[in-house]
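Report on one structure; see the data block that follows.
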Amino acid sequence: MDSEDEFMSGASSGDDFANIEDSDDDFDNEDQDLGFSQDKDIVRTSKKSYEVDFEVLGPSQIQLQQDVQIKDVADVLGQPPEAAAILLRHLRWNREKLFDRYMENQASLLDEVGLEEDASHTPSTKKIPDFECEICMSGDSDVETYALKCGHRYCVDCYTQYLASKIRDDGEAARIQCPTSGCKRIVDSKSLTFLVEDNLKSRYRELINRTYVDDMENLKWCPAPECIYAISCSVRKKDLAKIVPTVTCECKHPFCFGCAHEDHQPCPCSLIKKWIQKCEDDSETAHWISANTKECPKCQSTIEKNGGCNHMTCRKCKHEFCWMCMGLWSEHGTSWYNCNRFEEKSGNDARDAQAKSRQSLERYLHYYNRYANHDQSNRLEKDNFAKTEKKMTLLQNQSGMSWIEVQFLETAAKTLQECRQTLKWTYAFAFYLARNNDTIMFEDNQKDLELATENLSEMFEQPVEQLSAKKLDILNKNTYCSQRRVTLLSDTAELLKRGKWTFNISLD
Amino acid sequence: MALPKRIIKETERLVAEPVPGISAVPHEDNLRYFDVRIHGPASSPYEGGIFKLELFLPEDYPMTPPKIRFLTKIYHPNIDKLGRICLDVLKSNWSPALQIRTILLSIQALLGAPNPDDPLANDVAQHWKENVTAAIETAKEWTHKYATDTAT
């Protein structure tokens, strides 16, 4: 089952959890150019040319990665881990920059993050005689108080409340400052864990992890709702014109690492962005108007001629004119229904301009309709997952096949979905392709896949009683579809990687 | 709900040691709601004006900033038609160690130093940038019209 294997291969790379060696390597490589200099490595594995290497990280691994880096930096700088963590978060986990800045001017960097001296102390509260907290404006000699290194002291209750409101309400974590107005001292994680209640600690961890993933260029959150995993992938922003990095999360959600959009193979990120905008844009309405309407020569009202003769009478201003030459109808004399000025140059030019505009609209609609059609079918089929299952049960009962034997239906459903997803984006891709030999080959591939997909879809939709007889056909068609899809994606990705496609717009 | 000690103390101190040019009086039926008056700073277009504001201390004050709004019409690039104020300490730079007193002083300072580069009222800010003299003139007119005793 080709498609099955392929489906799994994506996820399996994420299976080797807690592989610290691996993640460590990742970071060492970071300063090198990870772009396409690594092509050889990509080819070396049995991966298809449109697939990319990636790894799924769970919350504990994200934590581990941070701890490893913090420890590293702490060792190199001879700073306690809390200080190293603050520094790393401050410089958005850019280790090189951190070392540079640290070597250049240690004092100013430490001052900037509010860590002038060493932060190796253990946080503890203190009682101060006649203390009055500036936040609650009360206090006494026996109130527990707390202060960071900056010495701005508040009672523990207020401090805790302050941190809680920052974490819970403002979603802040790594860059919470001392409560004093204007004090830049950052609340280190040791103080924080010392002060806040347990139920907020997990929220704090979560927020800290979030900023870590957000700050790292090689990490992205899975955009699926409620998903807790992040993906690590070495594809960088500048590579996106040459590769479409589709990754599949542990939660089975496939998405593009480049733009977090749904899987949009084989169309590059910049093109789908343009395409989606084009589809949403009102410019197409304007386009339609220019292709299908003319303006009344007198009052400029927009008029669509939807039938009848060339003798137009504007509804608004009652102006009478000829649709052909836009001239006064009264000047046409008796040559009604046969505008004799039609052959004039000005008329010709107007006609050419209109034909051209109409043609470009029709070209767009051609691609859009097919794109929308696959999108629609795909959406329907996604909802039909339960229906497929029902069908499988029904088939089992009717034909006496075993559960294993009716799995081919589920496989077919999956293949259909994948093919439609791919086909959908091939139309967005093709819309931006310039006419040449590669494009023709692409369209042949597309046509082939589309035909096969429609066939498979048709077989799939047949009444249950005919399905058992068709099992072999469906299996064959299924394999064919999967293979055609792989071929199309591989070929397209190959050319994309080599920069061989010619687009009718610029790719950035 | 009992009023937090902090609010009681702040109110007491506002009465005991008033800030020159600023008054804040809590409503009798709602001690979190204040009537505020700020005198326009000297040598600013708002000089001679007395501006009314309302101030409300939300439930989780002082963890969240007080809500403040001008009730008197004012021509100022950082204050919009509804009297809302664009001031960092009222939003992201709020600190629980700040007080009603300090916030009102900041607002008074804002009257003395309008910042058209960070505008809330775009039309006013643009006017301010394109023709300062004329904008200041309008601000003076508005002050006279809406913020003096002769104004209704």
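FYI, it's all coordinate maths here, none of it is from the lab. Bear in mind that the values here come from a model prediction, so they are computed numbers and not experimental data. Positions of Cβ are generated from backbone atoms using ideal geometry, with glycine treated the same way; all protein chains shown enter the neighbour counts.
Within the range A:79-115, the set of residues being among the basic types (Lys, Arg) and part of a helix (DSSP H, G or I) comprises A:89, A:95, A:97, A:101.
Which of (1) touching a Phe, Trp or Tyr at 6+ places or on another chain (Cβ under 7 Å); (2) farther than 24 Å from residue B:100 by Cβ is the odd one out, the single condition residue A:154 does not satisfy? Result: residue A:154 passes all but (2).
Filter the range A:400-435 for residues that are surrounded by 16 or more Cβ atoms within 10 Å (Cβ to Cβ) and of a type in the set (Gly, Ala, Ser); which is farthest from residue A:369 (Cα to Cα)? Result: A:412. Looking only at the range B:17-37, decide whether some residue is away from chain A (no Cβ under 14 Å), closer than 29 Å to residue A:184 by Cα and out of contact with any strand residue (DSSP E or B) (no Cβ under 9 Å at 6 or more places or on another chain). So far as the range B:17-37 goes, yes, one or more of its residues are away from chain A (no Cβ under 14 Å), closer than 29 Å to residue A:184 by Cα and out of contact with any strand residue (DSSP E or B) (no Cβ under 9 Å at 6 or more places or on another chain). Only one of the numbered conditions (1) surrounded by fewer than 21 Cβ atoms within 10 Å (Cβ to Cβ); (2) more than 14 Å from chain A (Cβ to nearest Cβ) is violated by residue B:92, and that is (2).
So, in the range A:148-187, how many residues would count as being crowded, with 17+ Cβ neighbours inside 10 Å and under 30 Å from the mean Cα position of the chain (by Cα)? Total meeting the criteria: 6.
Residue-by-condition table, conditions (1) in a helix (DSSP H, G or I); (2) of a type in the set (Val, Ile, Thr):
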{"site": "A:404", "(1), (2)": "no, yes"}
{"site": "A:417", "(1), (2)": "yes, no"}
{"site": "A:423", "(1), (2)": "yes, no"}
{"site": "A:435", "(1), (2)": "no, no"}
{"site": "A:476", "(1), (2)": "yes, no"}
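For residue B:118, are the conditions met, namely being within 14 Å of another protein chain (Cβ to nearest Cβ), of a type outside the set (Val, Ile, Thr) and in a loop (DSSP other than H, G, I, E, B)? Criteria not met by residue B:118. Only a single criterion out of (1) surrounded by fewer than 21 Cβ atoms within 10 Å (Cβ to Cβ); (2) under 21 Å from residue B:8 (Cβ atoms); (3) touching a strand residue (DSSP E or B) at 6+ places or on another chain (Cβ under 8 Å) is not satisfied by residue A:137, namely (3).
Every listed requirement among (1) at positive phi; (2) within 14 Å of chain A (Cβ to nearest Cβ) is met by residue B:83 save one, (2).
For the range A:145-179, the set of residues classified as touching a Ser or Thr at 6+ places or on another chain (Cβ under 9 Å), within 12 Å of chain B (Cβ to nearest Cβ) and in contact (Cβ under 8 Å) with a residue 40 or more places away in the chain consists of A:175, A:177, A:178, A:179, listed by residue number.
Restricting attention to the range A:180-207, which residues are of a type in the set (Lys, Arg) and in contact (Cβ under 8 Å) with a residue 24 or more places away in the chain? Once the filter is applied, which keeps residues that are of a type in the set (Lys, Arg) and in contact (Cβ under 8 Å) with a residue 24 or more places away in the chain, the range A:180-207 yields A:184, A:185, A:190, A:203, A:205.
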